[in-house]
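The values are calculated or read from the model by the stated rules, or taken from the named source; none is laboratory data. Keep in mind it's a predicted model, so treat the numbers as computed, not measured. A quick note on method: Cβ atoms are made from the backbone with ideal geometry, for glycine too, and the neighbour counts reach across all protein chains shown. For the accessible areas, the whole protein counts, side chains as well, though only heavy atoms, and no ligand, DNA or RNA atoms are used. Shrake-Rupley method; radii C 1.70, N 1.55, O 1.52, S 1.80 Å.
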Amino acid sequence: MKLIDGKVISESIKQRVMLQVNELKEQGVEPCLAVIIVGDDFASRTYVNNKKKTCEYVGIKSLEFAMPETTTQEELLSLVEKLNADNSVHGILCQLPIPKHIDEKVILNAIRPDKDVDAFHPVNAGHIMIGDGTLLPCTPAGIMEMLKYEGIEIAGKNCVVIGRSNIVGKPMAMLLINASGTVTVCNSKTQNLAEITKEADILVAAVGKAKFITADMVKQGAVVVDVGMNRDEEGKRCGDVDFEAVKDVASHITPVPGGVGLMTVAMLMQNTVTAAKIQNNK
Ligand code: NAP
């Protein structure tokens, strides 16, 4: 079994981003990411801090807009519009979840598609479906980078994605289809899940259930990508895959922590630089 090391691969992406940041700066463009956080969700705060720290590491300027839980939809929209119009801001990210009294869709759809570094806007989702996306959702794009780094061929392979969310499962399936994989997407209503997963050469688990994928669900020699971010019964961080058991069956496997999660942040940096290039015709 080979461990797919998110630490090593995300670092290589960050080094690539750093070079692009320096090139842009030499041309008078300072890539800038605006991060909006509404309310005081603990996990969101941790994610935002991590994104800001990574921006600093690669040389991207970051702006934080921390708004109170009581922020109205109009107030949040007017901030997004202000950032849309600000030429010095290249990427806009609204950390999810946002408070329930605000319509998440309205906010995400208000972000200018060429500044939408999460790539959640329907315009960017459409580009991914057509296969000509430039801003790609960070988690699936990060997984594609992992597969590429490891030299794992996708064309002609049976790929099974468990989960159909708009942020992970669906775009993951699209990227694998675009890479000529034969793709099956499963959801909570899927019958005989284990029979399907056992056919997978590449298995991507994005379910959100601790240790959901057991060794008997995995084909010998499969590539197993674990997107899940859960806690086990002892409160320890774990993925959707029962790592200890599945590692003996898989040819390649991503760990949690130290896997896909690190790639997500690195790809956000890449998207910010890509957005800065597009907006400045570089
Ligand atoms: P989500 O929106 O809750 O989607 C979960 C998906 O799993 C749904 O499509 C659901 O099916 C499916 N599912 C649930 N139970 C199932 C079952 N028994 N059999 C088959 N499918 C089942 O979650 P998400 O946002 O995609 O995230 C998934 C996981 O990845 C979470 O643990 C999340 O924390 C993690 N995540 C990690 C990163 C990272 O950077 N590492 C980024 C994003 C998310 P239905 O559609 O039928 O309900």
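Here the stretch 194-205 is the region considered, the condition is being surrounded by fewer than 17 Cβ atoms within 10 Å (Cβ to Cβ) and either aromatic (Phe, Trp, Tyr) or not in a loop (DSSP other than H, G, I, E, B) (or both), and the residue that is nearest to the ligand (Cβ to nearest atom) is Ala194. Considering the stretch 135-157, the residues that are away from the ligand (no atom under 15 Å from the Cβ) and within 27 Å of Lys115 (Cβ to Cβ) include one that is least open to solvent (accessible area, probe 1.4 Å), namely Leu135. What number of residues within the stretch 227-250 satisfy the criterion of being more than 10 Å from the ligand (Cβ to nearest atom), assigned to a loop (DSSP other than H, G, I, E, B), open to solvent by less than 40 Å² (accessible area, probe 1.4 Å) and in contact with a strand residue (DSSP E or B) (Cβ under 6 Å, 6 or more places away or on another chain)? Count: 2.
Is there a residue in the stretch 200-218 that is out of contact with any strand residue (DSSP E or B) (no Cβ under 9 Å at 6 or more places or on another chain), at pLDDT 95 or above and among the polar types (S, T, N, Q)? The answer is no; no qualifying residue exists. Name the single residue that is least open to solvent (accessible area, probe 1.4 Å) among those in the stretch 124-134 being part of a loop (DSSP other than H, G, I, E, B) and at negative phi. The residue in question is Gly133.
For Gly208, the test of being part of a helix (DSSP H, G or I), within 14 Å of the ligand (Cβ to nearest atom) and within 18 Å of the chain's Cα centre (by Cα) is failed. Selection of the stretch 49-94 for residues being buried (at least 20 other Cβ atoms within 10 Å of the Cβ) and farther than 18 Å from His121 by Cβ yields Lys51, Thr54, Cys55, Val58, Ile60. Between Val160, Val185, the distinction of being outside any helix (DSSP H, G or I) and within 10 Å of the ligand (Cβ to nearest atom) belongs to Val185 only. Within the stretch 1-59, being among the hydrophobic types (A, V, I, L, M, F, W, C) and closer than 30 Å to Val249 by Cβ holds for Met1, Leu3, Ile4, Val8, Ile9, Ile13.
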